[in-house]
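The structure appears below as structure tokens.
The values are calculated or read from the model by the stated rules, or taken from the named source; none is laboratory data. Bear in mind that the values here come from a model prediction, so they are computed numbers and not experimental data. Please note: Cβ atoms are built from the backbone with ideal geometry, for glycine as well, and neighbour counts cover all protein chains shown. We work out accessible area using only protein heavy atoms, side chains counted, and drop any ligands, DNA or RNA first. Shrake-Rupley method; radii C 1.70, N 1.55, O 1.52, S 1.80 Å.
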Protein chains: 2
Amino acid sequence: MQKKDKMEPTSDDQQVPERCGTCAIRQSGICSVLTGEDVDRLSDIAYHRQYRPGETILLYDDSPDFLAAMRSGVVKLSKVLLDGRQQIVSLLFPPDFLGGIFSRPTPYFAHAVTDVELCCFRRANFESMLKDQPEMSRHMVEHSLDKLNTAHDWMVLLGRKTAEERVASLLYLLVTRSKLMRVGDTQVETANTGFEVHLKREEMADFLGLTYETVIRQIKALNNENIIRLNGRREFSVPDVAALAKAAG
Amino acid sequence: MQKKDKMEPTSDDQQVPERCGTCAIRQSGICSVLTGEDVDRLSDIAYHRQYRPGETILLYDDSPDFLAAMRSGVVKLSKVLLDGRQQIVSLLFPPDFLGGIFSRPTPYFAHAVTDVELCCFRRANFESMLKDQPEMSRHMVEHSLDKLNTAHDWMVLLGRKTAEERVASLLYLLVTRSKLMRVGDTQVETANTGFEVHLKREEMADFLGLTYETVIRQIKALNNENIIRLNGRREFSVPDVAALAKAAG
DNA sequence: CGTTCGCTTGAGCCTTTTCAACCACTGTGG
DNA sequence: CCACAGTGGTTGAAAAGGCTCAAGCGAACG
């Protein structure tokens, strides 16, 4: 059940406590295209926001006046039908991008899944920056294109995969992401990768187009087949990543 | 069944027979951001390509050296699983955009659904144009964002809608589009709108995440409920567009 | 210490798929 | 001109995968 969380972030907005130079996503975010003094200018106009799990970051049809890069945590984007049926359309991880671009009304709900830290810019600031930095537009296009492609991949999952393949696909996505988060850029193929799933069963279901009971049963099935091992409610480990990938279809 | 169509367009490439000024998509395509002599420059570097129904326009993992705006027709983008399961991830209409941007390998197959006419640019030409025309980047971002949003909407359909709602949604999409194609910009709410569906039943199914038998049965059901009327295999009319929208969920 | 929330399990049902047959139409070659 | 094959569309019957409903359990929390 979605509580009526207040939309304002948990803590008050605050000036960036550290300069961008030392930021975790400095190498990969939209800011990665900037150099030298441009980064300093960015530091001046950027501010941070934090959210607790479950809090609403953006409402459907909202017109937020800020955009943000994710510094940490996981955000889910979801759409809802009139009768309440819900579908998560995207999971966002650092250094993904979020917020009101070109004064478009937000076409989804955005909720924090974990503790989330955003690095925000006022829209006016950002758009003037876009003008000065043509490289930034390109980054935006590439980012949108990536997102479009992952959405397409998920459409294949939703349209054509079995329940077991769907769950395997999600777990595969999460191992991959959690590895990337830990190691950095390079994809290392470690054996027996353990990781924590931040989503509750119901959220997995809403992402996979299933019911949560089915998710539970398929997790169990994958466990019985030794493709995954669940060590707790939310703790998984994957003995053989390739086997999981295969199970994902 | 996908024939091994040759990838080359039906007719040889040809210089644009008409100048861009009189082009059907001049007002709405990527070219719409250009003015005056820039349009003339565009006319010089643009060329046209044509495809027959079923022909392959782009192969998965291909790296085409051109990009294109659709001038007429319908294109489907699809992805395929190892075992052959197929999902159409997008339908493209004029003035949609297509091709190899920023030297990314194409992440889908593109096939002509109807006769298709493209207006093409060599990638090098296009990218230099992007540099000169900052407005064009913005157009690209907006276009990608639109596409991303329609993909998200389709994810809701694939994840959460019933078979009947899916079929209704597709038909609703097609009435809307065909009306837009006929009338221009404004959405007129005409009663009893007739239109032709260019997709075969199997393609509808691949777009909707269903089997073609189910598509047939749901079309029949919608017909029995008088939400649509099928006048031929591919000819439909919609007595009440609002009723169809409601059936689409 | 009772309540709530997230999770799990079982049983039966229902929607959609699968499988199989058949029809209408079109183009082709004997 | 007709036989025949191929393609797209339709229908029915049976099977199955996933959903619904109902109950119970453990941990967290006020």
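Summary of computed values
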read-out	value
Answer residue from region A:230-249, given it is within 14 Å of chain B (Cβ to nearest Cβ) and part of a loop (DSSP other than H, G, I, E, B) and is farthest from DNA strand C (Cβ to nearest atom) among those	A:Ala248
Close pairs (6 angstrom Cβ cut-off, 6 or more residues apart or separate chains): touching a residue at least 24 places away in the same chain (Cβ under 8 Å) and basic (Lys, Arg) in region A:219-240, within 12 Å of DNA strand C (Cβ to nearest atom) and open to solvent by 80 Å² or more (accessible area, probe 1.4 Å) anywhere	A:Arg234/A:Glu196
Residues of region A:67-85 that turn out to be under 10 Å from the mean Cα position of the chain (by Cα) and not in a strand (DSSP E or B), as a count	2
Residue list for region A:73-83, filter: at the interface with chain B (Cβ under 10 Å from one of its Cβ atoms) and open to solvent by 10 Å² or more (accessible area, probe 1.4 Å)	A:Lys79, A:Val80, A:Leu81, A:Leu82, A:Asp83
Test: residue in region A:181-194 that is part of a helix (DSSP H, G or I), at pLDDT below 95, polar (S, T, N, Q) and away from DNA strand D (no atom under 16 Å from the Cβ)	no
Residues satisfying the stated conditions in region B:220-229, i.e. open to solvent by less than 60 Å² (accessible area, probe 1.4 Å) and either more than 13 Å from DNA strand C (Cβ to nearest atom) or part of a loop (DSSP other than H, G, I, E, B) (or both)	B:Asn223, B:Ile227, B:Ile228
Residue list for region B:154-180, filter: surrounded by 20 or more Cβ atoms within 10 Å (Cβ to Cβ), more than 16 Å from DNA strand D (Cβ to nearest atom) and not aromatic (Phe, Trp, Tyr)	B:Ser169, B:Val175
Number of positions in region A:53-66 that are of a type outside the set (Phe, Trp, Tyr) and either over 23 Å from A:Arg123 (Cα atoms) or not in a loop (DSSP other than H, G, I, E, B) (or both)	5
Hits in region A:194-217 (condition: away from chain B (no Cβ under 14 Å), within 10 Å of DNA strand C (Cβ to nearest atom) and under 20 Å from A:Thr176 (Cβ atoms))	A:Val197, A:His198, A:Leu199
Selection from region B:137-170 of residues that are more than 16 Å from DNA strand C (Cβ to nearest atom) and among the hydroxyl-bearing types (Ser, Thr, Tyr)	B:Ser137, B:Ser144, B:Thr150
Filter result (of a type in the set (Lys, Arg) and more than 9 Å from chain A (Cβ to nearest Cβ)) within region B:119-173	B:Arg122, B:Arg123, B:Arg166
Pair list, Cβ < 7 Å and 6+ apart or interchain, from region B:143-170 residues that are more than 12 Å from A:Lys147 (Cα to Cα) to residues that are modelled with pLDDT under 95 and more than 14 Å from DNA strand D (Cβ to nearest atom)	B:His143/B:Phe97
Test: residue in region A:134-147 that is closer than 30 Å to B:Ala163 by Cβ and not aromatic (Phe, Trp, Tyr)	yes
Selection status of B:Ala242, modelled with pLDDT of 95 or more and crowded, with 17+ Cβ neighbours inside 10 Å	no
Boolean, A:Cys31 is surrounded by 21 or more Cβ atoms within 10 Å (Cβ to Cβ) and modelled with pLDDT under 95	yes
Criterion violated by B:Asp206 - all others in (1) over 30 Å from B:Leu81 (Cβ atoms); (2) crowded, with 19+ Cβ neighbours inside 10 Å satisfied	(1)
Residues within region A:207-245 that are of a type in the set (Gly, Ala, Ser), within 11 Å of A:Ala168 (Cβ to Cβ) and away from DNA strand D (no atom under 16 Å from the Cβ), tallied	2
Failed item, numbered, when A:Gln50 is tested on (1) in a helix (DSSP H, G or I); (2) open to solvent by 20 Å² or more (accessible area, probe 1.4 Å)	(1)
